[in-house]
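Novice: Input: one structure, supplied below.
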Amino acid sequence: MNKNIDLKFTPFHMNITHKHMEGNNGKGRYILFPGSFSRAKEISESFLDAKVVTHARGHNFHYGHLEHHGRRIDVASISSGMGTPSVEIILTELIRLGATRIIRVGTCGAMQDSIKGSDILVATAAIRDEHATVAYFPKEFPSVASFSLVATIRETAAELKILDRVKLGVFHTKSSLYGREFEAAPKESGNKEYMALVRKYNTIGSEMEAAMLLLFGQYYGIETGAVAIPVFGKDEDITPEEEAKRTKNLVAFSIEVLKRIR
C-alpha cells in the first residue's frame, strides 16, 4: 500500500476522495499539474470518458483515462495555482489521497539565447529562490527531478522525433515575478545582478512552482517532474494565437508522456 495515503484525510481545496485517485494497478492516477485553471480543463479534453469534480476555489479535478497499445492509463489534471505556497497546499492534498506520479505542465521565462519558442524545456533540478520549501528543507538540500520521469520524457521525445526541440536543464524557481524579472522592486539593481548570475549557471527556464514539486517527490518517494514552454522577455511580441499553439503542443506532448509512464 502507498505509505503516503491517509485514509482519514479530507482535503480542504478539492472535493475528491481517495477513490478518485485509484488506478494504474495501485499506483494511482498519473496527474498533469498546470498552474492555470483553464489549462487543466484543456488537458482533460484529451481524456477518454472525462469527468470533473468542481470546487469553489477553482481547483477542479478532471479525470478519465487514456489508451496506448491496448493498455489503459488512468489520468487526471488539476491546477496547482501560482507559486510554491499554492503548490504546497494542493500537492500535499493530492499525495495524502494517493498520488504517486505528477508532472507540472507550465510556462517559464527563457534563460538562454539558444532557446527557441518552439522548444519544450524539461527540469532536471530547480534553484530554490523562494521561501515555501524552507518550511520543509534546509537551503542546502537540492531540488531534483525524478530520474525515471525525466527518462520517460526524453524517450517520448525521441519516439515522436522531436528530441532536438526538448531541452533538459536546471530551472530557476522564484517567489517574485515582477521583482526578480521585471524590475518592479526597490532592490532593482540586486535583482538584475542575481538574474544575470542565474543565467551564467546555464539555467534554462525561470518559473515559480517546480522547486516545491521536485522536493516533495524526493521527500515522499514519489515521481515528480516538470515540463514548460518558454515565454520570452517582456519586450517580445507573441501573439495570443502563437501562445495558444505552443500551449496546445505542450499539452499534446504531456499526454504522450503519460501514456508511456510505467
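Laboratory data are not the source of any read-out in this text; all were calculated from the coordinates shown. The structure displayed is predicted, hence computed values, not measured ones. Positions of Cβ are backbone-derived with ideal geometry, glycine not excepted, and every protein chain shown enters the neighbour counts.
Novice: Could you give P(r) for the chain, binned at 10 Å from zero, as whole percent values over all Cα-Cα pairs?
Specialist: 7, 32, 38, 19, 4, 0
Novice: Restricting to bridges with both residues inside the chain, how much of the DSSP beta-bridge set is antiparallel, in percent to the nearest 5?
Specialist: 40
Novice: Taking the Cβ of each residue in 247, 84, 133 as the centre, tally the other Cβ atoms inside 10 Å and list the residues starting with the fewest.
Specialist: Going from sparsest to densest Cβ surroundings: 247, 133, 84.
Novice: Tell me which lysines have Cα within less than 29 Å of residue 139's Cα, excluding those fewer than 8 residues away on the same chain?
Specialist: By straight Cα distance, residue 139 reaches 3, 167, 174, 187, 192, 200.
Novice: Within region 165-262, report the GluC sites (Glu not before Pro) that DSSP leaves as loop and that have at most 11 other Cβ atoms within 10 Å.
Specialist: 236
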